[in-house]
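Below: the structure, in structure tokens.
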Amino acid sequence: MKELEQQLREQYKAESDSYIFGDMAMNDKLKQSIRERAGIKGGGVMTNMQADNISPVSGKDGKSKRGTIVARYRWLSGIAAAALVMTVAISAPQLFTGGSDGGAVISNPGSEHGVITEPGDGSHVTTPGGEASGGTSLSPLVTVEAGSTEEAKGLFGNDLLAPSFVPEGFQLSKIEATGMKEGEKAAVTRVVYFYQSGEREFTYMIDRAEAVIPMEFFSESEVSGTKAYVFAQPNMTELYWKNGGLQFSVVGGISEEESLTVAESLQ
């Protein structure tokens, strides 16, 4: 089994190299740098920030798997962006220098001073929800676990809505709040509710950032009179809609009807 997994990893690595790098003339060190920026480490396919958007779903074998169409779409966009950044760095290496604090510094031609674009400190920060996972020099995102909807509302704001209905057998397992580091606190912009019933899982998410949805895979639907988009399979449903400037989603191992009922129950 380990041999097969290793072969699959090597095949995936070769195919991703071909997809990302194409005919670009790069050495192995540069390719690895791009993989790390895109979050491709060994057999992995996602960055930490992208993983925050990915909800557990049930696969064909009934076991929990991770990944959604929107998440995969964002991942491919991330790869393209990382490759573009590295291409610019190759074309104009004189624009990029190292900062004394470990952050990236972009030298501004015609100016005496560079511009610090990323913090060099990856230390932990504390939020009202407790100890947070620390942001890094590449990602200042932090995530904390909230003990209740009221606590999550204190982090996100009073416009946080939570489901009053969940399908039979499902229980709330945890609530996570994610945001950007701002000094000693995190400005929370996303809250995710995780629900579980045995090996079946689904998530409800409210986000201040708009989701990127590949429309060709989704059908139009409706949530409380608001246009929504749904992608339904026998073991997995993705439902997305916007209301009041907020992005909502219900994703995971429940039916389309159950997803819509969860969405309609927000209060």
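The values are calculated or read from the model by the stated rules, or taken from the named source; none is laboratory data. What you see is a predicted model, and the numbers here were worked out from it, not measured in a lab. In this analysis, Cβ positions are derived from the backbone assuming ideal geometry, glycine residues included, and neighbour counts consider all displayed protein chains.
Listed here are the residues, each with its yes/no results for (1) at pLDDT 95 or above; (2) of a type in the set (A, V, I, L, M, F, W, C).
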{"position": "F194", "(1), (2)": "yes, yes"}
{"position": "V212", "(1), (2)": "no, yes"}
{"position": "E238", "(1), (2)": "yes, no"}
{"position": "F248", "(1), (2)": "yes, yes"}
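In the stretch 232-254, what residues are in contact (Cβ under 8 Å) with a residue 40 or more places away in the chain, surrounded by fewer than 22 Cβ atoms within 10 Å (Cβ to Cβ) and either in contact with a helix residue (DSSP H, G or I) (Cβ under 9 Å, 6 or more places away or on another chain) or farther than 24 Å from G169 by Cβ (or both)?
Across the stretch 232-254, the qualifying residues are G244, L246, Q247, F248.
Would you mind stating whether Y229 is within 20 Å of the chain's Cα centre (by Cα), crowded, with 19+ Cβ neighbours inside 10 Å, of a type in the set (F, W, Y) and more than 17 Å from V70 (Cα to Cα)?
The answer is no for Y229.
What's the number of the only condition in (1) hydrophobic (A, V, I, L, M, F, W, C); (2) out of contact with any strand residue (DSSP E or B) (no Cβ under 8 Å at 6 or more places or on another chain); (3) in a strand (DSSP E or B) that F165 fails to meet?
Going through the list (1) hydrophobic (A, V, I, L, M, F, W, C); (2) out of contact with any strand residue (DSSP E or B) (no Cβ under 8 Å at 6 or more places or on another chain); (3) in a strand (DSSP E or B), F165 breaks only (3).
Please report, ordered by residue number, the strands (runs of 3 or more DSSP E) entirely within the stretch 196-235 with at least 3 residues that are farther than 25 Å from G179 by Cα.
Output list reads 219-223, 226-233.
Taking the conditions exactly as written (acidic (D, E), farther than 21 Å from V142 by Cβ and modelled with pLDDT of 95 or more), does E168 satisfy them or not?
yes
I need the full set of residues from the stretch 190-216 which are over 16 Å from T68 (Cα atoms), buried (at least 19 other Cβ atoms within 10 Å of the Cβ) and within 14 Å of the chain's Cα centre (by Cα), in order please.
Result: R190, V191, I206, D207.
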